[in-house]
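Have a look at the structure below, then the notes.
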Amino acid sequence: MPKLFLGIEEASVSFGQGEARVRALRDVSLTFEKGTLSLLMGPSGSGKTTLLSMLGCLLSPDKGTVFVDGEAVNELSEAGRTVIRQKKISFVFQAFRLFHSLSALDNVALGFEIRDAAASGREEMARDLLLQFGLADKLNLEPNELSPGEKQRVAIARALAGNPPILLADEPTASLDAEAGKNICKILRRQVDDQGRTVVVVSHDPRWEKFADRTITLCDGRVEEQVGVL
Amino acid sequence: MKLALQNILHDRGRFSVTVLGVSFAVFLMVFQGSLLSGFLQAASRLIDASDSDIWITARGVQAFEFGTALESRVREMAAGVPGVTDTSRVCMAFAVYRTPVGKQQVVALVGADPGVGRRFPVPDRLESAGEMSPDAVLYDVSDRKQIDVNELPAEVEINRHRASIEREIRGYGAFLGVPFLFTSYRNAVRYMDSGPEQGMYILLRVDQSYSISQVQQNLKQRLPEVDVLTQDEFAHKSRMYWTIKTGAGGAILTAAVLGFLIGLVVVSQTIYANTMENIEEYATLKALGASQAFVARIVLSQALICGMIGSVLGLLAVIPSINYAKSLIPWIHAPWWLPGAMVVPSLAMCSLASIVSVRSALTVEPGRVFRA
């Protein structure tokens, strides 16, 4: 079987023990092709975030295999998975998770620092990214001085620092109003179309469906439905 | 490491407490260190001031201040040992001092032969000795209040003998709370009512062509009833007596260690609180691919930044304080290297204090980033 760019094979994950045991994913196999935007939907507890955590090397399955850029990562050590995250994967969160004491510019520059970019160019590259997202006049503002939409754009800029090929987003529009949410959808879609990144979005927001190449619906830890070209 | 700096600056209240804790620890360590250093120096100051190679004392004498009389034949026998080129006598006893206005108090009276050493405060040895009588009495400027004379020379009484206070000197202030008075050996024994041939300490100079330790061995064989010590040995013995046997050094050291521990607890608490407050950010860092070393460096940097700033503030406060303290404790002494050297334990203290915080930051699960 050819190795997948990004995906899981017959992966199962459960949490807790005895009667409290919850099977979050049950023998799920999914592939995510390079340069696509996939949408993961489903009710709460259906396993969406668990799946995203596995794809992001934050969680190992009890059974099955996780592939990132053709490499089986679930047998790697914690340090090995950290390196995969550093080089290939980035995240966008519902709660933005910006560093509260740093300005927008420094938040993005930190993204470059984590990914080992040369110290001399970090600030310039961070500035360029923020300019691309229309934040030229917000560079020196701290997160608490930004609107939710601006915060999410800073978070996306930080996620793109170091040019990771895979972007995993957990409810990226849940905390935003309609206009800001739509803007974020467009930004992530452009990352696929212009940069060839692979984007996986977990969301309850139906607006995402028209931006996604494929929509996967999970229910009770199983794939219930896949709609789209892949 | 901008994140480290910004995180601590963002919570100024906590940052101030941390810096204050470090400053306090550095202040206490340097101040107590200066007390200890000065105490050690003062405990052997008069021994160190002599130019002699060997000191002969009565058996079991622990410190300069507690000498007892030696038989006069000891000096004669010592002078006959090959290699001994010169012998001098030093005596010390507590005496009753009576000021010109009739006020009485106890003083430590020290008498020495002229050959005892260039730095030893003896009237005959001072540069302006010609302006003084051979039996002049000297006192340290820091003891002026206790000596209580308005002008020099002043007629006073020592053990009911008339004496002439003629000069103030510096660097030989009271160490036991009792002021020192210095005079010639012959004058001192007169005030002490002891025989002129008796000595309390016999100081010997050794010819350079002889080994000091060999001469010391010969003296020990010839004079088994007394202690024969090199100058360094007697100085060390005296220092150990005052610092260890009296417990004074222990008390000073305890205060310094206490300063270190208080600093450790304060820094540890505040760095830990800061780390726990930002624990979600450490999880985010790890999720974004930050290595364990990267995360540890941030926490450690926070502790070290606080350590550096606290150390500087502590030093800025302690140096003038020591200078002021010299007016109250004349023997306090801060060696030039002490303030700088105390920065090392303070940074070590901060590093130590950050261990628990580093551990917390390193063990946080990156997977928690998806929990709202």
With Cα coordinates, the longest principal axis of chain B makes an angle with the long axis of helix B:12-43, in degrees rounded to 10, of 20 degrees
What does the charge count around A:Val223 come to, taking other residues whose C-beta lies under 13 Å from its C-beta (Lys +1, Arg +1, Asp -1, Glu -1)? -2
Student exercise, region B:212-326 dipole from Lys, Arg, Asp, Glu Cβ charges, in Debye to nearest 20: 360 debye
Return the whole-Å distance between the Cα centroid of region B:316-372 and the Cα centroid of region A:148-165. 38 Å
Partner shielding of A:56-63, taken as the mean number of other chain Cβ atoms within 10 Å, equals 3
Angle between the Cα long axis of helix B:231-240 and the longest principal axis of chain B, 0 to 90 degrees, nearest 10? 60 degrees
Classified through the alpha carbon gyration tensor (a ≥ b ≥ c as square roots of its eigenvalues; rounded if a/c is under 1.5, else prolate when a/b is larger than b/c, else oblate), chain A comes out prolate
Average other protein chain Cβ within 10 Å of Cβ, residues B:277-290: 6
Determine, for B:Leu109, A:Leu131, the number of other Cβ atoms within 10 Å of each Cβ, and report the residues in order from fewest to most. A:Leu131, B:Leu109
Helix-only mean residue ellipticity at 222 nm, the protein assembly as shown, DSSP H runs n ≥ 4 weighted -39,500 (n - 2.57), per residue, nearest 500. What is it? -14000 deg cm²/dmol
Taking the highest mean first, how do the peptides A:85-98, B:269-282 order by number of other beta carbon atoms within 10 angstrom per residue? A:85-98, B:269-282
Could you work out the relative contact order of region B:60-224, using alpha carbon pairs under 8 angstrom and six or more residues apart, expressed as a whole percent? 33 percent
What is the sum of charges, Lys and Arg at +1 and Asp and Glu at -1, for the other residues whose Cβ falls under 12 Å from the Cβ of B:His333? +2
Looking at region B:16-84, which GluC sites (Glu not before Pro) are in a loop (DSSP not H, G, I, E or B) and have at most 10 other Cβ atoms within 10 Å? none
Residue by residue through region B:112-118, the couplings from Karplus 6.51 cos²θ - 1.76 cosθ + 1.60 with θ = phi - 60°, in Hz, x for Gly and Pro, are 8, 5, x, x, 5, x, 5
Other chains near A:78-90: what is the mean number of their Cβ atoms within 10 Å of each residue's Cβ? 3
Using the Cα centre of region B:214-372 as origin and beta-carbon charges of +1 (Lys, Arg) and -1 (Asp, Glu), tell me which of B:Met276, B:Gly307, B:Gly289 is placed farthest towards the positive end of the dipole. B:Gly307
Region B:22-80-region B:170-193 distance, computed between alpha-carbon centres (Å): 15 Å
Of A:Met41, A:Met125, A:Met54, which has the largest mean-square fluctuation in a 10 Å C-alpha GNM of chain A? A:Met125
Considering the options A:Ile84, A:Phe99, B:Ile169, tell which one lies farthest towards the positive end of the dipole of the protein assembly as shown, charges being +1 on Lys and Arg and -1 on Asp and Glu at the Cβ, about the Cα centre. A:Ile84
Sequence gap of 8 or more, or different chains, plus Cα separation below 30 Å: how many lysine pairs satisfy both in chain B? 9
With a 10 Å radius around each residue's Cβ, average the other Cβ atoms per peptide and rank B:35-43, A:170-178, highest first. B:35-43, A:170-178
Environment charge of A:Arg85, counting only residues whose C-beta is closer than 12 Å and scoring Lys/Arg +1, Asp/Glu -1: +3
Excluding same-chain pairs closer than 8 in sequence, count the lysine pairs in chain A whose Cα atoms lie under 14 Å apart. 5
Rounded, prolate or oblate: pick one for the protein assembly as shown, where a ≥ b ≥ c are the square roots of the eigenvalues of its C-alpha gyration tensor, a/c under 1.5 means rounded, and failing that, prolate if a/b is larger than b/c, else oblate. prolate
Relative contact order of chain A: what whole-number percent is it, with Cα pairs under 8 angstrom and at least 6 residues apart? 28 percent
Can you pull the three principal axis extents for the Cα set of region A:127-167, in Å, largest first? 30, 18, 13
For chain B, set up a Gaussian network in which alpha carbons nearer than 10 Å are linked by springs, and say which option among B:Val206, B:Val318, B:Val101 fluctuates the most. B:Val101
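Quick note: the coordinates plus some simple rules give every number you see, no bench work behind them. Computed from a prediction, not measured in an experiment: that's the story for all the values here. Every residue, glycine among them, receives a Cβ derived from its backbone with ideal geometry; neighbour counts consider all protein chains shown.
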